[in-house]
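Working notes for the structure below.
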Amino acid sequence: MKKWGLLIALLITLTLVLPACSTPTPQVIEKPVTVVVEKQVPIEKQVVSTVVVEKQVAVEKVVKETVVVEKMITPTPTPRGPKVLVIGQAQEPDTLYGYGGSMLASAHVQHALFDGPIDSLSYDYQPVILQKLPRLEDGDAVLKKVTVKAGEKYVEAGEVLTATKDMELEQIVATFKLKPGILWSDGKPLTAHDSVFGYYLRCHPDTPTSKWGCERTASYEATDDLTTVWTGLPGFMDATYYINFNTPYPQHILKDIAPKDILKSDYSRKPIGWGAFVLTEWVAGDHITVEKNPNYFRAKEGLPKVDKIIFKFIPDTNQLLAQLLAGEVDIATQDGMSTDQTPFLLQAEKQGIIKPIFQTGTVWEHIDFNIKPVDNRYVFFDDVRVRQAIAYGTDRQSMVDKVLYGRVPLQHSYIPEDHPMFPPEGKITKYTYDPEKAKALLKEAGWTDTNNDGYVDKGGQIFEVTLQTTAGNAPRQQYSQIFQQNMKAIGIKVNLEFPPATVFFADGPDGPLFGRRFDLGLFAWLTGVEPPGELYMCSEIPGPENSWGGQNETGYCNPKYDEWVNKALGTLIKAEQEEAWAEAQAIFSQELPVLPLFARLKLGAHRPNVTGVIIDPTSNSEMWNIENFDIVD
């Protein structure tokens, strides 16, 4: 790329050797002549080289050629400007306070401001700001015998109880060590006391969070600036005791704000963290800007790799894709993409314009049966043979192929087959598409077409039900239509309703789903690292007994199933967990309170010159690795 200007001066001295009496014919021979080349290179690498070349000259000539190379100094390169990455997401966060909400849009930005403290990746946990996760086998977690006195609390079969007499039980104590030298983005040290303050906020009655873990904690305290100790209630054999570290919150900023007021404070829109970036601007309705945190504890590793990130709020899916193509956006997040864009994205990938990312997630779609409705509607699904018939009669693979382009596997339980707690082959019932088997099961349950109208009936009752799912969700509406056609083929008439999500998911007793006033419901649950088996326990049935607070809206109840789930949740031995989850899922798949369909596809995209973006199955947001995002030439 460097161009050299040459100024050549030829100094030639000719010496003619002439005999006195005659002029002989010159004889031409090959004779080496030295050409001295003086070449000036940039001053930081100054070299003089001598090159010997072969030339043909007449014998009478002695030639000296000196080639002088003009001195050229490489110009100082123009400093490169800061690296700015633009991320397009579908929604604007409602808050950035960790205990203020659970929007995915908030999680995207929070990953820039906070790193960890513990990541959940590929069905496992990784410490981020901790030296390690405590384990019983390592000695930083212990199981000890304690005496529970009458009137004190303990845990039995997952429930918090009050002792009526003295008893001896086991108790877990886990010790967590922070990595030294971690600072808040304002330069103040992050300490174990900030984690204890986080526990105080999480468990405060005015903070809108689940108190399940708080109710089963005996104490959480800091023993020095880097160490916290979690102690569970006696009898609480928490299978995930090693992640009971509470997210730190800046005590030096929030200590004088009442927990109920933090959500409305300036902190909720401009929190400080310890992550790779700091928030510098939030323009409502448009974007959030974060810039490199000079106090980031991984700065010596060259992280983050970009200087500034702009989170743009682009609610229209097609507009987000257009801006990605135009180079106005570098990354499009999964919440802003739609599976119906898949053909275009694949074509754009072939042309080297866009790089899509497809990943099977942990959000799984399912159709729920109302086994025990609270109103006076006809009970269609209390017979397990009917539920199994519908499973055999549903072409789930067709749904995957037509709507998700064949990119996700079918699901047979409430966890996918690649989950470490999925049962061994043959343990659970898998329902392949078999309309004839479906018809046979319906007939066995007493449902036949007595009047040849194409629909089965029993005792004068036609099998006509309504499937409800959320309005405005195009893929779900497509699933519903395929299901409707499948059911017609086996003699069941299905009507479709698409209420708004606020109506469909409203609390009982008024909401159709959680008020148990529906026939069939299509929606999704989120599975994390731990199996969500407690969703289908008897205690989770929403009703007046629990103020309609449960999530098992099917009304399904099997004490044996509950026993296995409680055993899985209450043992610290992995082999016992595996056995218990396998038995629970065997019952679930046989009795089928819900028909699992498939995991939802996580679909994101970025420009080809963007690196580091990884969509992980068990990390909800693809921003978990944001400090490694980069833009390359």
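Only the coordinates and a few stated rules stand behind these numbers; no lab work does. Please read all numbers here as calculations on a predicted model, not as lab measurements. All Cβ positions, even for glycine, are placed from backbone atoms using ideal geometry, and neighbour counts span all protein chains on display.
Relative contact order, percent, of the chain when contacts are C-alpha pairs under 8 Å separated by at least 6 residues?
On the way: 1307 pairs, mean separation 99.9, N = 633.
Across the chain, relative contact order equals 16 percent.
Determine ³J(HN,Hα), in whole Hz, for all residues of segment 261-275 in sequence, where each value follows from phi through the Karplus function 6.51 cos²θ - 1.76 cosθ + 1.60 and θ = phi - 60°; x replaces Gly and Pro.
After applying 6.51 cos²θ - 1.76 cosθ + 1.60, I find 9, 5, 4, 9, 8, 4, 4, 5, 10, 8, x, 9, x, 10, x Hz.
Under 5 Å between amide hydrogens, which residues at least 5 positions from Leu130 or on another chain qualify, with H placed 1.01 Å from N in the peptide plane?
Residues meeting the criterion, in which the H sits 1.01 Å from N, are Lys179.
Below 17 Å, Cα to Cα, which aspartates and glutamates can Lys260 reach? Residues fewer than 8 away in the same chain don't count.
Candidates past the 8-residue exclusion: Asp94, Asp206.
Taking the beta-carbon count within 10 Å as an exposure proxy, list Ser398, Ser547 from fewest neighbours to most. All intermediate terms of the calculation are to be shown ahead of the outcome.
Details: Ser398 15, Ser547 11.
In increasing order of surrounding Cβ atoms, one gets Ser547, Ser398.
Kindly express, to the nearest 10 degrees and within the range 0 to 90, the angle between helix 104-113's C-alpha long axis and the longest C-alpha principal axis of the chain.
That helix lies at roughly 50 degrees to the long axis.
How far is helix 574-591 tilted, in degrees, relative to the longest principal axis of the Cα atoms in the chain, given as a value from 0 to 90 rounded to the nearest 10?
60 degrees
Compute the angle between helix 192-203 and the longest alpha-carbon principal axis of the chain, please, reported from 0 to 90 degrees and rounded to the nearest 10.
40 degrees
Each residue of segment 434-446 in order: what ³J(HN,Hα) in whole Hz does its phi give by Karplus 6.51 cos²θ - 1.76 cosθ + 1.60, θ = phi - 60°, with x for Gly and Pro?
Values per residue, Gly and Pro as x: 8, x, 5, 5, 4, 5, 5, 5, 4, 5, 4, 7, x Hz.
For the chain, what does -39500 (n - 2.57) per DSSP helix run (n ≥ 4), summed and divided by total residues, give at 222 nm, in deg cm²/dmol to the nearest 500? Working shown, then result.
Details: 14 runs with 130 residues, N = 633.
Result for the chain, helices only: -6000 deg cm²/dmol.
For a 23 Å ceiling on Cα separation, which of these pairs sit above it: Lys145/Lys574; Lys179/Lys292; Lys270/Lys602; Lys264/Lys308; Lys179/Lys602; Lys308/Lys602?
Lys270/Lys602; Lys264/Lys308; Lys179/Lys602; Lys308/Lys602
Mind ordering 107-114, 297-304, 160-167 by average Cβ neighbours within 10 Å, highest first? Write down the numbers at each step before the final one.
Details: 107-114: 23.5, 297-304: 15.5, 160-167: 12.4.
For the peptides 107-114, 297-304, 160-167, the packing ranking is 107-114, 297-304, 160-167.
Using alpha carbon centroids, what distance separates segment 489-557 and segment 582-633, in Å?
24 Å
Restricting to Cα pairs below 8 Å that are 6+ residues apart, what does the relative contact order work out to for segment 505-619? Please round to a whole percent. All intermediate terms of the calculation are to be shown ahead of the outcome.
Values: 117 pairs, mean separation 20.5, N = 115.
This gives 18 percent for segment 505-619.
For Gly511, what charge total do you get from the other residues with a beta carbon under 12 Å from its beta carbon, if Lys and Arg give +1 and Asp and Glu give -1?
Details: positive: Arg516, Arg517; negative: Asp507, Asp510, Glu553.
That sum, taken over residues with Cβ under 12 Å, equals -1.
Write out the trypsin sites (Lys or Arg not before Pro) in segment 190-244 meeting two conditions: DSSP loop, and at most 15 other Cβ atoms within 10 Å of their Cβ.
Numbers: sites: Arg202, Lys211, Arg216; in loops: Lys211, Arg216.
Those satisfying the criteria are Lys211.
What are the residues whose amide H is under 5 Å from the amide H of Ile314, where those residues sit 5 or more places off or on another chain and H is modelled from the backbone?
For Ile314, the qualifying residues are Gln89, Ala90, Gln91.
Among 179-189, 322-332, what's the highest-first ranking by average C-beta atoms within 10 angstrom per residue?
Per-residue Cβ counts within 10 Å, averaged per peptide and sorted highest first, yield 322-332, 179-189.
How long are the semi-axes of the equivalent ellipsoid of the chain, defined as square roots of 5 times the Cα gyration tensor eigenvalues? Whole Å, largest first. Display every interim value, and only then the final one.
Details: eigenvalues 891, 257, 107 Å².
So the equivalent ellipsoid measures 67, 36, 23 Å along its semi-axes.
Remind me, relative contact order of segment 118-266 in percent, using alpha carbon pairs under 8 angstrom and six or more residues apart? Don't skip to the answer; put the middle values down first.
Working: 259 pairs, mean separation 37.1, N = 149.
Here the relative contact order equals 25 percent.
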